[in-house]
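What follows is a set of notes on a single structure, which appears directly below.
What follows is calculated from the coordinates using simple rules that are stated; it is not laboratory data. This one's a predicted model, so the numbers in the text were calculated from it and none came from an experiment. Using ideal geometry, Cβ is built from the backbone for each residue, glycine included, and neighbour counts are taken over all protein chains shown.
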Amino acid sequence: MADGAMKPLQVGLLGMGTVGRGTWDVLRRNEEEITRRAGRPIRITHIATRTLARAQAASRDAEGVRLDTDPQTVVDDRDVDIVVELIGGIEPAKTYVLRAIANGKHVVTANKALLAAHGNEIFAAAQKAGVMVAFEAAVAGGIPIIKALREGLTANRIEWIAGIINGTSNFILSEMRATGATFAAALKDAQARGYAETDPAFDVDGIDAAHKLTIMSAIAFGVPMQFDKAYTEGISRLAREDIRYAEELGYRIKLLGITRRSKANGRDGIELRVHPTLVPHKRLIANVEGAMNAVLVKGDAVGPTLYYGPGAGAEPTASAVIADLVDVTRMHTADPEHRVPHLAFQPDQLSDTPVLAIGDVETSYYLRMRVEDRPGVLADITRILADREISIDAMIQKEPSEGAEQTDIILLTHRSVEHRVVDAIGRIEALPTVRGKVVRIRMEELN
Ligand code: HSE
């Protein structure tokens, strides 16, 4: 290949943190192979970073790389073909992305929060300007899940997706289960290892996972981004005994992002929910431990498929960023109409299927309650459930400790609509023989 004859595609980088540095390193290290794949060299020519010293250190061996502290100089740089946005967060990232698009530049971004909240506006602007916005790195780090959903599974009617898409939460849950650590201790450990978002609430409250799930749901079902409709519940209130009891019953608790085609009151809907979930321990996804991510996708033709890998980190995320750079390099001369649509479906073919309220979602439940250990208590509880057509699948009653007059009852239910379960829980908590709150964790068989 006559490399010298080919003008390199010029990349402007916004942000030189962990992922920026990883992108720089991998592009340099694998330059020859990447050029052979892309058909043209891909060069970072302009970097904007708050800490110039870091960019200088990273690019010491590179001649002709322009360094700036102002991202606008990159998005306005006439020689830059593709802007890689690694600033994160909504503003000022949104302003720079929209400005880059308006300037006719393609954009590669790892910014899940931005796309989940403002993707519809950004894609519309990109379509109008005839440029691409690529975002493989925004979901599950190095796992090529966007490529799989948008292209590899394009023959399928996707039925559902269930993913471990926040490494920090998965690390915490793995630590709590394996070592009996408290939530707080496990979180501290995750932060020390550098997995966590700047604001740890994004990880442990399920917000980061909901951003990623919103993006996958849009691509899987051909609907707009609807982050504001996602139901989000985190792991910070999970007790160690529930992790232990779940284990005794043959389940593991994972923070899952679940999106599914569904129905409520006979009408089509889409489930979009992130919450701790009991999963049978024999499922592969239940055995994904530590900070790793995994996404299970069920297509009608292919059946279940599972994608596993690192969901964060410098080079895994750089792997996804560079895959997008190669895609854009290959496609940027193609007629915009012949490119892969941003959300996998043609922009005028998006559907308005509504996102279901969590109360209308149907799933199974783990219920734990502390009760007085005397006759009739269980009968009262099961009557409340039966009256609401909630069927019990399994039950354990823990031996009360010596001399204690209270005991824990754990019930697993068959599938039921959530609002019925919420109603039943209210009635159970009102029984004079039930102490405190009923712990409720959703359960999915994923088969
Ligand atoms: N904080 C994220 C996680 C990494 O823990 O998975 C990047 O999305």
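Whole-Hz ³J(HN,Hα) for each residue in the stretch 128-133, computed from phi via Karplus 6.51 cos²θ - 1.76 cosθ + 1.60 with θ = phi - 60°, x for glycine and proline: what do you get?
5, 7, x, 10, 9, 10
How compact is the chain by the rule of thumb for globular proteins, expressed as Cα Rg over 2.2 N^0.38 Å? Walk me through the numbers before you get to the answer.
Numbers: Rg = 24.4 Å, N = 447, 2.2 N^0.38 = 22.4 Å.
It is 1.09.
For the pairs LYS188/LYS212; LYS212/LYS282; LYS398/LYS437; LYS7/LYS105; LYS212/LYS437, note any where the Cα-Cα span goes beyond 21 Å. Could the numbers behind the result be given before it?
Details: LYS188/LYS212 23 Å; LYS212/LYS282 25 Å; LYS398/LYS437 17 Å; LYS7/LYS105 17 Å; LYS212/LYS437 31 Å.
Beyond 21 Å: LYS188/LYS212; LYS212/LYS282; LYS212/LYS437.
What whole number of Å gives the distance from the Cα centroid of the stretch 299-340 to the Cα centroid of the stretch 1-57?
Computed from Cα coordinates, the inter-centre distance equals 18 Å.
Pick out, in residue order, every one of the trypsin sites (Lys or Arg not before Pro) in the stretch 156-263 that is DSSP loop and has at most 16 other C-beta atoms within 10 Å; say none if there are none. Numbers along the way, then the final one.
Values: sites: ARG157, ARG177, LYS188, ARG193, LYS212, LYS229, ARG237, ARG240, ARG244, ARG252, LYS254, ARG260, ARG261, LYS263; in loops: ARG157, ARG193, ARG237.
Answer in residue order: ARG157, ARG193, ARG237.
Pairing the Cα long axis of helix 207-221 with the longest principal axis of the chain, what angle in degrees results, from 0 to 90 and rounded to the nearest 10?
Orientation of helix 207-221: about 80 degrees from the principal axis.
Neighbouring Cβ atoms within 10 Å as the yardstick, rank LEU284, LEU412, LEU213, LEU187 fewest first.
Values: LEU284 13, LEU412 19, LEU213 31, LEU187 23.
Ranking LEU284, LEU412, LEU213, LEU187 by Cβ neighbours within 10 Å, fewest first, gives LEU284, LEU412, LEU187, LEU213.
Using θ = phi - 60° and the Karplus form 6.51 cos²θ - 1.76 cosθ + 1.60, what ³J(HN,Hα) does each residue of the stretch 275-288 get, whole Hz, x for Gly and Pro?
6, x, 9, 7, 10, x, 5, 7, 6, 3, 5, 5, 9, 7
Taking only the C-alpha atoms, wrap a convex hull around the stretch 100-231 and report its volume per residue in Å³ as a whole number. Mind showing how you got there, number by number?
Working: hull volume 17.1 nm³, N = 132.
Residue-normalised Cα hull volume stands at 129 Å³.
Assign one of three labels to the stretch 361-443, namely rounded, prolate or oblate, based on the Cα gyration tensor with a ≥ b ≥ c the square roots of its eigenvalues; rounded applies when a/c is under 1.5, prolate when it is not and a/b is larger than b/c, and oblate otherwise. Write out the running numbers ahead of the final one.
Details: a/c = 2.05, a/b = 1.71, b/c = 1.19.
Taking the square roots of the gyration eigenvalues as a ≥ b ≥ c, the stretch 361-443 is prolate.
What FRET efficiency comes out for the pair ALA201/GLU121, r = Cβ-Cβ distance, R0 = 25 Å, nearest 0.05? List each step's numbers first, then the result.
Details: r = 25 Å, r/R0 = 1.01.
Plugging the Cβ-Cβ distance into 1/(1 + (r/R0)^6) gives 0.50.
Calculate for the chain the 222 nm mean residue ellipticity that helices alone would give, adding -39,500 (n - 2.57) per DSSP H run of length 4 or more and normalising by residue count, nearest 500 deg cm²/dmol. The partial results should precede the final answer.
Numbers: 14 runs with 154 residues, N = 447.
After summing the helix terms and dividing by residue count, I get -10500 deg cm²/dmol.
Sequence gap at least 6, Cα distance under 8 Å: using those rules, report the relative contact order of the stretch 361-443 to the nearest whole percent. Numbers along the way, then the final one.
Numbers: 146 pairs, mean separation 40.7, N = 83.
Reported relative contact order: 49 percent.
Just how many % of Cα pairs in the stretch 145-311 lie over 26 Å apart, if you round to the nearest whole percent?
Working: 3699 of 13861 pairs.
Counting pairs separated by more than 26 Å, the tail of P(r) holds 27 percent.
Aspartates and glutamates near LYS112 by alpha-carbon distance under 17 Å, same-chain residues fewer than 8 away left out - which ones?
GLU85, GLU91, GLU121, GLU136, GLU197, ASP199, ASP203, ASP205, ASP208, ASP228, ASP324
Go ahead and collect, in residue order, the members of the stretch 171-190 whose backbone nitrogen is under 20 Å from a label point 7 Å along the Cα-Cβ direction of ASN287.
Within reach of a label on ASN287: 171-179.
Can you give me the long-range amide H partners of VAL84? Hydrogens built in the peptide plane at 1.01 Å from N, cutoff under 5 Å, separation of 5 or more residues or another chain.
Amide H neighbours of VAL84, under 5 Å, 5+ apart: GLY12, LEU13, LEU14, VAL108.
Out of residues 5 or more away from ARG50 or on other chains, whose amide H comes under 5 Å of its own, with H placed 1.01 Å from N in the peptide plane?
MET16
For the chain, take the longest principal axis of its alpha carbons; what is the angle in degrees between that and the long axis of helix 18-29, to the nearest 10 within 0 to 90?
Roughly 50 degrees, rounded to the nearest 10.
Ordered by residue, what ³J(HN,Hα) values in Hz, to whole numbers, does the stretch 427-435 give under the Karplus form 6.51 cos²θ - 1.76 cosθ + 1.60, where θ = phi - 60° and Gly and Pro are x?
5, 5, 5, 7, 5, x, 8, 9, 9
Which far-off residues, 5 or more places away or on another chain, put their amide H under 5 Å from the one on LEU255, with H placed in the peptide plane?
For LEU255, whose amide H was placed from the backbone, the distant partners under 5 Å are THR277.
What is the magnitude of the charge dipole of the chain about its Cα centre, with +1 placed on the Cβ of each Lys and Arg, -1 on the Cβ of each Asp and Glu, and no other charges, expressed in debye to the nearest 20?
Values: 54 positive and 60 negative charges, 60 e Å.
Value, rounded to 20: 280 debye.
At most 12 other Cβ atoms within 10 Å plus a DSSP loop assignment makes a site exposed; report the longest stretch of the chain without any exposed GluC sites (Glu not before Pro).
Values: sites that count: GLU63, GLU389, GLU402, GLU405, GLU445.
The longest such stretch corresponds to 64-388.
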